[in-house]
Ligand code: CP
Ligand code: NVA
């Protein structure tokens, strides 16, 4: 693997598999009461410029379970928030820590941090990508739908946001069929689509972009949605609610899908917007497995980068 984990696009298909295999192994060992302590004595710095529940807790607990520790570094309380350049922060933190996790706005900020840091940098969400979440989703699909991800059809319905972009990369590397249904005005990032299409040629993945949610969910094994207003888009929330209304994952939309189709959501979920309460609760088991799997997949990523 490369020094950093900023995007699934950087991983070879067999590296994606290796992360998922290790995550499944770490999960089993943890649950059997014989956890691995691969990162004994190591420290992860966690830079947060945006809010988080799952990411913060799962990285912190993950480091603890691996025998190390984690430091929460909010941009409000560090000199980053007062304008200290990222390249200086990167060089300072490299003298104290063994790895850095960053949640930020511009993807270029995570790239710059990785460029200047001597230690591994993990992308824990940017405006462009959320690769740790999609790795956790892939593990969850393996557990619920079988190990051969290339046999699956997945539909992503809603905003062409950081989750949709990372799904394109995840699908392209695993050979699955992915249909992304968004309004024409809110499609996934053009450069991501281009890169993913190139990756898809190598694995046989089929990537479909459409504005028709019913078409996307037809024959899908898994249907994925996410908030219509991502962090940083709060001011557009009301306008977005109108634009995305036809993309709600509800009983009517699911009537077009296979009866056994699962619905996944990275959380936090906004019931009555991108998903109805009824559909959410009917799929609660897989949705909370997905949240749990953040822990196991991130432990695998940290072990591979820092171990
Ligand atoms: N899914 C996810 O990343 O959740 P948090 O924003 O709570 O970390
Ligand atoms: N697309 C969402 C994901 C939250 C985990 C956001 O960026 O806010």
Can you find a residue that is within 16 Å of ligand 2 (Cβ to nearest atom) and free of Cβ contacts under 8 Å to residues at least 24 places away in the same chain anywhere in the stretch 91-99?
no
Going by what's in this entry, would residue 32 be described as more than 24 Å from the chain's Cα centre (by Cα) and under 23 Å from residue 295 (Cβ atoms)?
yes
Against the condition in a loop (DSSP other than H, G, I, E, B), more than 30 Å from residue 257 (Cα to Cα) and either more than 16 Å from ligand 2 (Cβ to nearest atom) or modelled with pLDDT of 95 or more (or both), how does residue 126 come out, does it pass?
yes
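Here's the yes/no breakdown for (1) modelled with pLDDT of 95 or more; (2) over 15 Å from the mean Cα position of the chain (by Cα); (3) farther than 19 Å from residue 240 by Cα:
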site: 155; (1), (2), (3): yes, yes, yes
site: 158; (1), (2), (3): yes, yes, no
site: 161; (1), (2), (3): yes, no, no
site: 164; (1), (2), (3): yes, no, no
site: 172; (1), (2), (3): yes, no, yes
site: 179; (1), (2), (3): yes, yes, yes
site: 197; (1), (2), (3): yes, yes, yes
Per-region count, the stretch 145-181, residues part of a strand (DSSP E or B) and either in contact (Cβ under 8 Å) with a residue 60 or more places away in the chain or surrounded by 24 or more Cβ atoms within 10 Å (Cβ to Cβ) (or both)
9
Does the stretch 67-109 hold any residues that are at pLDDT 95 or above and within 16 Å of ligand 1 (Cβ to nearest atom), and which are they?
70, 72, 73, 74, 101, 102, 103, 104, 105, 107
Tell me, yes or no, whether the stretch 45-58 has at least one residue that is under 15 Å from residue 296 (Cβ atoms), in contact (Cβ under 8 Å) with a residue 40 or more places away in the chain and in contact with a helix residue (DSSP H, G or I) (Cβ under 6 Å, 6 or more places away or on another chain).
yes
Give the residues of the stretch 1-18 that are under 14 Å from residue 299 (Cα atoms) and touching a strand residue (DSSP E or B) at 6+ places or on another chain (Cβ under 9 Å), sorted by residue number.
5
If the requirement is being modelled with pLDDT of 95 or more, surrounded by 15 or more Cβ atoms within 10 Å (Cβ to Cβ) and over 27 Å from residue 51 (Cβ atoms), which of these qualifies: 220, 229, 300, 269?
220
Mind checking which pairs have a first residue in the stretch 14-33 that is under 21 Å from residue 176 (Cβ atoms) and a second that is at pLDDT below 95, Cβ under 9 Å, 6 or more apart or different chains?
15/1; 18/1; 19/1
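Looking only at the stretch 7-46, count how many residues are away from ligand 2 (no atom under 16 Å from the Cβ) and closer than 14 Å to residue 102 by Cβ. Don't jump to the end; show me each part of the working.
Within the stretch 7-46, the first condition is being away from ligand 2 (no atom under 16 Å from the Cβ), and the residues that meet it are 9-45.
Cutting the leftovers down to closer than 14 Å to residue 102 by Cβ gives us 44-45.
Of the residues in the stretch 7-46, 2 are away from ligand 2 (no atom under 16 Å from the Cβ) and closer than 14 Å to residue 102 by Cβ.
The values are calculated or read from the model by the stated rules, or taken from the named source; none is laboratory data. These figures come from a predicted structure and were not determined experimentally. Positions of Cβ are generated from backbone atoms using ideal geometry, with glycine treated the same way; all protein chains shown enter the neighbour counts.
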